[in-house]
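Chemist: Sending over a structure as structure tokens; questions will come in a sec.
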Amino acid sequence: MANVRLVELTKNYKRGSEIIHAVDGVTLDIDKGEFVAVVGRSGSGKTTMLDLLGLLLKPTAGSLFIDDVDTARLNDRDRAHMRARRVGFVFQEYNLLSGLNVLENVMLPLRYVKDGKAGRQRALELIERVGLTNRIKHRPTELSGGQMQRVAIARSMVNSPSLILLDEPTGAVDTETAQQLVDLLKKLNSEDKVTIVLVTHDLDVAAQARREIRLKDGKVLSDEKVKETVPVG
Ligand code: ADP
Ligand code: MG
């Protein structure tokens, strides 16, 4: 089953009298459990495509199916519900709330669903998996960039989404920290079968995905699946 299906998906913006084809008739499927990197120059439509997938934007034309649901048929309430339930978001700037500690930040998306105690337990488990159990009471300002991004990743998973969308998640950290974050994402991807769609400028990061979609001027320039590699040792 396709986790995400785009059919001629299109998003246009108007700038004065000019129409910008930010996403220009993209058709592709992403299956459950895939780890996809989306690459392309600045302005090629990566963020717009990700925001469409995350239901943060509505397309100008074309269709988007998530878990076989035609998202155009959803009313605003169902759309918000689907976004909260099925999609996790991670941004370059972490977007943590500075007034909340690590546990509270990770638990934030639970407000939009009714999970109560099970949710708190899940938040604690995720914090452990991202290696921050000893930082639960810390505020974001007391954490490094890599740690803040780990909090954001744990938060994106707290409602057990089927899909996680990351926009330049390693853009603000050093190479070594970036690699640790990628290792974490690979682990979550393989253990939880959560679909990962990661926008990145970093070719070393993109090279570790199992599929690379390259955009240019809102269109798919290439879409390549990397062969499974057998780990050594
Ligand atoms: P990328 O993330 O690959 O840098 P974007 O998706 O942000 O690309 O942008 C794709 C194109 O759409 C660019 O030409 C950009 O200027 C334009 N664009 C993005 N968002 C808006 C907006 N809200 N209004 C007008 N133009 C936009
Ligand atoms: Mg962008």
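Chemist: Around residue 60, under 15 Å between beta carbons, what's the net of Lys plus Arg minus Asp minus Glu among the other residues?
Modeler: Local net charge: +1.
Chemist: Then there is this: Note down the magnitude of the dipole of region 109-156 about its Cα centre, charges +1 on Lys and Arg C-beta and -1 on Asp and Glu C-beta and zero elsewhere, to the nearest 20 debye.
Modeler: 180
Chemist: How large is the dipole of region 124-199 about the Cα centre if only Lys and Arg carry +1 and Asp and Glu carry -1, each at its Cβ, rounded to the nearest 20 debye?
Modeler: So the magnitude is around 240 debye.
Chemist: Could you tell me the calculated FRET efficiency between residue 113 and residue 63, based on Cβ-Cβ distance and R0 = 30 angstrom, to the nearest 0.05?
Modeler: For R0 = 30 Å, the calculated efficiency reads 0.70.
Chemist: So, one more: With only Lys, Arg, Asp and Glu charged, each at its Cβ (+1 for the first two, -1 for the last two), find how big the charge dipole of region 79-169 is about the Cα centre; round to the nearest 20 debye.
Modeler: 460
Chemist: Kindly provide the helix-only [θ] at 222 nm of the chain, computed as the sum of -39,500 (n - 2.57) over DSSP H runs of four or more divided by all residues, to the nearest 500 deg cm²/dmol?
Modeler: Rounded to the nearest 500, it is -9500 deg cm²/dmol.
Chemist: On a straight-distance basis, which lysines could pair with residue 187 in a cross-link, Cα separation under 21 angstrom, same-chain partners fewer than 8 positions away excluded?
Modeler: Answer for residue 187, where 21 Å is the Cα cut-off: 32, 225, 227, listed by chain and number.
Chemist: So if I restrict to the alpha-carbon atoms in region 24-94, what is the Rg, and what is Dmax, the biggest pairwise distance, in Å?
Modeler: 12.6, 35
Chemist: Let me check the size of the chain from its C-alpha atoms; what are the radius of gyration and Dmax in Å?
Modeler: Taking only Cα atoms of the chain, I get Rg and Dmax of 17.6, 59 Å.
Chemist: Can you give the translational diffusion coefficient of region 1-124 in µm²/s, computed by Stokes-Einstein from the Kirkwood radius over Cα pairs at 25 °C and 0.890 mPa s?
Modeler: After rounding, the answer is 149 µm²/s.
Chemist: Measure off, as a whole percent, the carbon and sulfur share of the 1.4 Å-probe accessible area of the chain, all protein chains present.
Modeler: Carbon and sulfur atoms account for 49 percent of the accessible area of the chain.
Chemist: Sorting check: for 43-55, 137-149, 101-113, which peptide has the highest mean count of neighbouring beta carbons within 10 Å, and how do the rest follow?
Modeler: Going by the mean number of other Cβ atoms within 10 Å, highest first, we get 43-55, 101-113, 137-149.
Chemist: Can you work out the accessible area per residue across the chain, with the rest of the protein chains kept in place, probe 1.4 Å, in square angstrom?
Modeler: Accessible surface, normalised per residue, equals 52 Å².
The values are calculated or read from the model by the stated rules, or taken from the named source; none is laboratory data. These numbers come from a predicted model, not from an experiment. Backbone-built Cβ (ideal geometry, glycine too); neighbour counts: all protein chains shown. Surface areas here come from the heavy atoms of the whole protein model, side chains and all, with no ligands, DNA or RNA. Shrake-Rupley method; radii C 1.70, N 1.55, O 1.52, S 1.80 Å.
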